[in-house]
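Structure first, then comments.
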């Protein structure tokens with residue numbers, strides 16, 4: 001079995017949020033990153049050790065990995081892999097998202113500026129993104145050591161594409177998945193194929209555990225048999 005831990009990069013600067021930035025190397029929001037230090041600490045503690053660390057060529061994924069190291073995750077060499085970069089929107093990169101809001105229902109996805117099957121001029125479709133990311137996952141599986149985990153700091157579109165590849169979702173279905181900044185999505189690959197363990201997990205949410213003073217459950221065979229006439 002091999003597990004992939006996919007982390008979406010930090011929130012980008014507010015000046016870029018209004019545009020379709022795709023593969024543009026836009027800056028992160030330093031103020032938000034500093035305010036979310038507790039979330040980075042929780043995520044750093046949640047990630048497996050040891051593990052391979054993979055980033056994309058864009059600085060926002062590498063700066064997110066740096067923040068995880070500052071939050072306590074061990075620093076080691078990282079693999080830069082373009083297979084997990086965001087969808088390339090070609091000539092539409094840098095176009096205000098508001099321009100796509102004028103499109104009709106059939107021209108765009110309900111949760112995405114463009115249609116899931118659409119190929120932007122000079123760019124790539126979401127179907128191509130699924131193929132690219134899937135090939136990247138398979139390549140990493142082939143080079144994985146026994147028991148090794150892989151952390152991939154990537155992008156919202158690429159993480160949706162990874163889920164689509166694992167679950168054989170359509171591009172339209174994949175774009176319905178919510179992937180927040182610095183959220184965690186976990187995939188597993190083994191002899192029986194792919195499965196998704198979690199999507200859009202937030203490490204700032206504490207796990208469901210009983211309080212320390214909570215008494216242990218009594219095994220069924222040790223429980224007293226109810227006397228006649230008692231309803232249970």
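Derivation of every value follows stated rules applied to the coordinates shown; laboratory data play no part. In this text, all values refer to a predicted model and were calculated from it rather than measured experimentally. All Cβ positions, glycine included, derive from the backbone under ideal geometry; neighbour counts span all protein chains shown.
Quick one: length gained pulling residue 17 to residue 200 fully straight, 0.36 nm per residue minus the C-alpha distance?
That works out to 63.9 nm of additional length.
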Sequence of 84, 89, 19 once ranked by neighbouring C-beta atoms within 10 Å, starting from the fewest: 19, 89, 84
Proxy reagent accessibility, fewest Cβ within 10 Å first, across 195, 14, 60: 14, 195, 60
Rounded to 10°, Cα long-axis angle of helix 126-142 versus longest principal axis of the chain: 60 degrees
Order of 33, 167, 53, 1 under a 10 Å beta carbon neighbour criterion, fewest first: 1, 167, 33, 53
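Between residue 172 and residue 62, what FRET efficiency comes out of the Förster formula 1/(1 + (r/R0)^6) with R0 = 41 Å and r the beta carbon distance, rounded to 0.05?
Working: r = 31 Å, r/R0 = 0.76.
My answer for the efficiency is 0.85.
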In degrees, nearest ten, helix 37-46 long axis to first principal axis of the chain (Cα): 60 degrees
Cα-based helix-to-principal-axis angle, 59-70 vs the chain, degrees rounded to 10: 30 degrees
